[in-house]
1. Determine, for the chain, the count of lysine pairs separated by eight or more sequence positions (or lying on different chains) whose alpha-carbon distance falls under 25 Å.
2. Counting only C-alpha contacts under 8 Å and six or more residues apart, can you give the relative contact order of the chain as a whole percent?
3. For the range 314-428, what does the relative contact order come out to in percent, with C-alpha contacts under 8 Å and a separation of six or more?
4. When the helix-only estimate is applied to the chain (DSSP H runs of n ≥ 4, each -39,500 (n - 2.57), divided by the residue count), what is the mean residue ellipticity at 222 nm, nearest 500 deg cm²/dmol?
5. Largest first, what is the accessible-area ranking of TRP63, TRP85 with a 1.4 Å probe?
6. For the chain, what % of the accessible area comes from carbon and sulfur atoms, probe 1.4 Å?
7. Round to the nearest 10 and report in Å² the accessible area of TYR83, as given by a 1.4 Å probe over the protein chains' heavy atoms.
8. Amide H neighbours of PHE127 under 5 Å, counting only residues 5+ apart in sequence or on other chains, H built in-plane at 1.01 Å?
Amino acid sequence: MFYKSISFNFFFLLYLLLPFIFWEGFGVFYLNGFAIGCYLISSFSLAQLCVSKNVAAISCSFWIFVYIFLVISAVSQQVAGYYPWPNVYDEYDLLYGWALIFFCNVAFYFFNMRSSSREKLNSSYNFSKRMMRLFIPFSIVLTVFALNQIGGFSNLFLSRDEFSEIFEDNIASSMITQALFRIPFFVVSLYFLDELLTVKLKNERFKAGFYFFIFFSLTVILNNPISTPRFWVACILITYALIVANYLRMNVNRFYVTSLIFLTIFVFPVSDVFRRSVDVSILDYFSETNISEGFIYSPNYDSFQQIINAVVYVENNGHSYGGRSLSALFFWVPRSVIPSKYISSGEDIGIFFKYEYTNLSAPLWAEMYLDFGFLGAVLAFFGLGYLVGSLDRSLSNRTNVVVFFIAAYGMYFLRGTLLSVIGFLVVTLVIFWLLQRKKL
């Protein structure tokens with residue numbers, strides 16, 4: 001108990017002090033109580049997770065996102081008075097935005113803790129070998145078909161903007177086609193990774209390792225960082241890392257929090273190097289990137305501003321009363337069938353503010369506020385906290401690869417927009433469900 005107390009105090013102090021490397025002075029304490037509250041609760045939660053013996057990977061994703069995107073970068077921007085996108089806000093909108101973030105975070109924290117404190121779930125996910133034998137040839141057919149739809153294998157190595165032009169802004173077609181060749185081999189590789197880590201016989205382990213190498217290599221090629229959204233690339237790599245870390249009996253929470261904070265601060269800003277062109281020097285791009293200034297000016301960290309933009313948007317246009325969430329759920333239905341479907345919230349906000357570039361993020365806080373208002377957003381985070389706590393409880397079993405995937409996808413999902421990120425999540429979970437070994 002004494003060691004745990006010392007360890008908690010160390011991590012709490014570490015996460016309290018880390019932002020001051022990037023903040024100029026003590027500006028956070030001159031903002032408002034809600035900003036200070038977000039700073040304290042995120043630091044406290046991360047320290048709590050780092051000393052916990054219970055694996056809570058999805059909760060880690062949530063609090064890392066809050067800490068980086070809604071504390072460090074948010075405070076940097078407001079203290080500097082500059083934001084990634086041109087705009088000027090009055091004090092009321094900023095205070096209201098901070099209050100929205102704070103109360104949603106508090107709602108998540110308490111219901112997450114309440115759910116996590118319940119008895120551990122004795123649940124696990126096990127692949128069906130019979131279904132996997134059927135799925136592997138089917139996944140090959142899907143991949144070949146999808147690659148033909150994008151114009152051939154070589155188009156995998158276009159820049160992200162050039163690759164997006166293939167679909168001519170048809171989000172449904174883009175998500176479905178990409179899901180067909182980006183997801184299946186990834187899931188197959190997870191099956192063989194699970195086999196590699198769990199089978200006892202040497203020959204079986206060698207065979208599993210060989211097939212894992214094959215499908216891992218194919219996954220890396222099909223999801224290369226040139227044409228693939230960086231959050232999806234990160235999701236794949238983090239899923240592998242979490243599964244292996246848990247198998248090695250590491251402190252998964254501590255490993256995940258420490259590594260992901262490092263990656264988000266130092267790697268995330270330069271991971272978009274191939275967005276507009278493949279003819280670029282990675283070393284030059286990295287050397288020209290100023291991390292501290294990036295928190296203020298870079299669109300990579302526009303989450304806080306987009307929440308404030310959502311507040312201003314609602315003041316002028318009202319709420320959508322669930323319309324955006326429903327549009328996201330029906331992502332697979334072409335707009336020609338449902339003309340009333342909303343465009344992505346980030347794009348809608350960008351158009352409203354007359355930004356030249358409108359492919360913007362829309363964090364879950366903004367999405368819920370646009371749809372359901374302040375109280376509705378807080379209630380949504382009550383539910384999210386409880387759901388995340390319940391899923392984390394299933395990690396008492398080391399083979400639950402689905403929960404590790406959801407944790408890895410968490411940062412992508414939280415940053416949004418909902419319409420853009422829900423497709424890959426739903427398709428992957430459906431595949432997991434189809435490949436699950438059914439209990440007799």
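1. The number of close lysine pairs in the chain is 14.
2. Values: 591 pairs, mean separation 133.2, N = 440.
Worked out over the chain, it gives 30 percent.
3. Numbers: 108 pairs, mean separation 42.6, N = 115.
For the range 314-428, the relative contact order is 37 percent.
4. Values: 20 runs with 288 residues, N = 440.
Per the formula, -21000 deg cm²/dmol.
5. Working: TRP63 5, TRP85 35 Å².
Correct descending sequence by accessible area is TRP85, TRP63.
6. Summing carbon and sulfur atoms, their accessible area is 65 percent of the total for the chain.
7. The accessible area comes out at roughly 30 Å².
8. Long-range HN contacts for PHE127: ARG437.
The values are calculated or read from the model by the stated rules, or taken from the named source; none is laboratory data. Keep in mind that what you see is a predicted model, and the values were worked out from it rather than measured. Areas reflect the complete protein model, heavy atoms only, side chains present, ligands, DNA and RNA absent. Shrake-Rupley method; radii C 1.70, N 1.55, O 1.52, S 1.80 Å.
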